[in-house]
1. Looking at this structure, is Asp61 in a helix (DSSP H, G or I), surrounded by 10 or more Cβ atoms within 10 Å (Cβ to Cβ), among the charged types (D, E, K, R) and at pLDDT below 95?
2. Does Ser3 satisfy being surrounded by 10 or more Cβ atoms within 10 Å (Cβ to Cβ) and over 29 Å from the mean Cα position of the chain (by Cα)?
Amino acid sequence: MTSEIILTLLVQSVAFIGAFTKMFTDMKIKLKELDIRLSSVEKKDDEIGNKLEKIFSSLNDIKLSLKDKQDKQ
């Protein structure tokens, strides 16, 4: 093997390792961003669920108070 072939193989190996490392770090960053977005959406979903529970509870209280008024008449 000549020194040019060895040099070519070394350069290709370094380029391949660099590309693989960049791909791996980009993938980790994208997954972390996705995890952050997902937790944000889940938090908003929980807040909406709590608000809906309060609304349903208030509607039930109104329904019961109206039923009591109707029973008195």
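1. Taking the combined requirement at face value, the residue satisfies it.
2. Numbers: surrounded by 10 or more Cβ atoms within 10 Å (Cβ to Cβ): no; over 29 Å from the mean Cα position of the chain (by Cα): yes.
No; evaluated as a whole, the condition is false for this residue.
The values are calculated or read from the model by the stated rules, or taken from the named source; none is laboratory data. What you see is a predicted model; the values in this text were computed from it and never measured. Ideal geometry is used to build each Cβ from the backbone, glycine not excepted, and the neighbour counts take in all protein chains shown.
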